[in-house]
Amino acid sequence: MRHTCIDSFSGAGGLSLGLSKAGFEILFSFDIDELSIKTQKLNTKYFNHEAVCTDITQINSKQLMKQLGIKRGVLTLFAGGPPCQGFSIQRIGEDSDDRNNLIFEFMKKVVDFLPKFFLMENVPGIAGKRGKEILEDAIAFAEQNGYAINRQILDAQDYGVPQRRRRLIIVGERMLNGKLKFQFPKAIGKKFTVRDIISKLPKPPIDGKDHAKISLHRSDKLSKINLERIKYLKQGQGREFLPEKLLAECHKIDSSVIGHRNVYGRMSWDEVAPTITARFDSFTRGLFGHPEQHRSISLREGALLQTFPMDFDFCGNKVDVARQIGNAVPPKLAYAIGKKIIQSIV
């Protein structure tokens, strides 16, 4: 039996990667970011589906179904993670953020294709004060069109991902004969640490060049003050442990309330990593310093902590690549959810 899938808002392909490993055949993916699509096309070892750079509002559902040779109601899964920055707790946003309308655009495409299941990944903040009304309207629309809704906040560290990463997962199951089978995956028990994943990597060059044998394993030279800061810190410590002379000026005003405490920080070897964000390439943005070396973690280390394979490559400059990695659904989390969806079918 074919388990077919369309991946919307696909980014660099983390969701597709995990779902395909779980047993899904990715028929088509799309994203508005050109570099993310180029990344998918670059990784022919993992992807052979058509990936297109386009806006979801430009997708003609009937035309795409004809192109893919499927009819309405045949697709197994319509998946995606509509951009979530409008709801992120790291951003003071408003419900009027244009990106929030994409939640409903996603659900409209679900109803167009009428798949057996849909999967939506987003930040927990979408269910909070600012996003609740938008989310509930979208869910109500899905329910009106025959879907039972399963929702749960999952932490990626419970599914083989070596980082704290809480995400709201919504799985819609089309009600057939009144029988609903989907259940969220149970935690696997074992937690993987930073040491488990990156401790065996050699030191990267500090001149911004890639390691000779490991792509994207490089380290930019820190400024004098940032080098002093990271040298002062022990594993797991952030800027609240810095002496006043090493604090940024904004943190000297009132270090207890301004900004996030865990910036200018180091990871701990024997703990899971913090959430890998779109700016994990700088330890000034979080606990993204190497546990013992005086540098930020490399792009490759960030990708590994997101559970991308060692040979998975990315297109773009440093900032582009960090953004693609940080915004991705960890493939191992996608795999765990995908497996449970397939088990619900057979």
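The values are calculated or read from the model by the stated rules, or taken from the named source; none is laboratory data. Note that the structure is a prediction, hence the values are computed from the model and not measured. Note that each Cβ is placed from the backbone with ideal geometry, even for glycine, and that neighbours are counted across all protein chains shown.
Data overview
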| read-out | value |
| --- | --- |
| Residues that are part of a helix (DSSP H, G or I) and aliphatic (A, V, I, L, M), drawn from the range 217-249 | 225, 227, 230, 246 |
| Subset of the range 1-41 that is out of contact with any His (no Cβ under 7 Å at 6 or more places or on another chain) and among the charged types (D, E, K, R) - its residue that is nearest to residue 185 (Cα to Cα) | 21 |
| Odd one out for residue 314 among (1) within 21 Å of residue 26 (Cα to Cα); (2) in a helix (DSSP H, G or I); (3) of a type outside the set (Val, Ile, Thr) | (2) |
| Scope the range 200-229; condition farther than 22 Å from residue 39 by Cβ and either in contact with a Phe, Trp or Tyr (Cβ under 7 Å, 6 or more places away or on another chain) or of a type in the set (Lys, Arg) (or both); matching residues | 200, 203, 221, 224, 229 |
| Given (1) modelled with pLDDT of 95 or more; (2) assigned to a loop (DSSP other than H, G, I, E, B), index of the condition residue 196 fails | (2) |
| Filter pass, residue 161 being under 22 Å from the mean Cα position of the chain (by Cα) and at pLDDT below 90 | no |
| Candidate set from the range 154-208 (those that are polar (S, T, N, Q) and either closer than 26 Å to residue 115 by Cβ or in contact with an Asp or Glu (Cβ under 6 Å, 6 or more places away or on another chain) (or both)); member that is surrounded by the most Cβ atoms within 10 Å (Cβ to Cβ) | 193 |
| Residue match in the range 112-119 (condition: closer than 28 Å to residue 2 by Cβ, in a helix (DSSP H, G or I), at pLDDT 95 or above and among the basic types (Lys, Arg)) | no |
| Meets criteria (more than 23 Å from residue 204 (Cβ to Cβ), at pLDDT 95 or above and surrounded by fewer than 20 Cβ atoms within 10 Å (Cβ to Cβ)) for residue 340 | yes |
| Search result, residues across the range 8-23 that are surrounded by fewer than 24 Cβ atoms within 10 Å (Cβ to Cβ) and in contact with a Cys (Cβ under 9 Å, 6 or more places away or on another chain) | 20 |
| Criterion (over 25 Å from residue 208 (Cα atoms) and either without any contact (Cβ under 8 Å) to a residue 40 or more places away in the chain or surrounded by fewer than 18 Cβ atoms within 10 Å (Cβ to Cβ) (or both)) met by exactly one of 330, 309, 243 | 243 |
| Selection count, the range 47-72, where residues are within 10 Å of residue 28 (Cα to Cα) and of a type in the set (Gly, Ala, Ser) | 1 |
| Condition met for residue 214 (out of contact with any helix residue (DSSP H, G or I) (no Cβ under 8 Å at 6 or more places or on another chain), in a loop (DSSP other than H, G, I, E, B), in contact (Cβ under 8 Å) with a residue 60 or more places away in the chain and farther than 30 Å from residue 118 by Cβ) | no |
| Residues located in the range 125-173, provided they are touching a residue at least 40 places away in the same chain (Cβ under 8 Å), assigned to a loop (DSSP other than H, G, I, E, B) and more than 30 Å from residue 236 (Cα to Cα) | 130, 131 |
| Qualifying residue in the range 42-57 (condition: modelled with pLDDT of 95 or more and touching a His at 6+ places or on another chain (Cβ under 6 Å)) | no |
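Each row is one residue, and each column tells you yes or no for (1) modelled with pLDDT of 70 or more; (2) within 21 Å of residue 218 (Cβ to Cβ); (3) surrounded by 15 or more Cβ atoms within 10 Å (Cβ to Cβ).
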residue	(1), (2), (3)
254	no, no, no
259	no, no, no
262	yes, no, yes
267	yes, yes, yes
272	yes, no, yes
277	yes, yes, yes
280	yes, yes, yes
284	yes, yes, yes
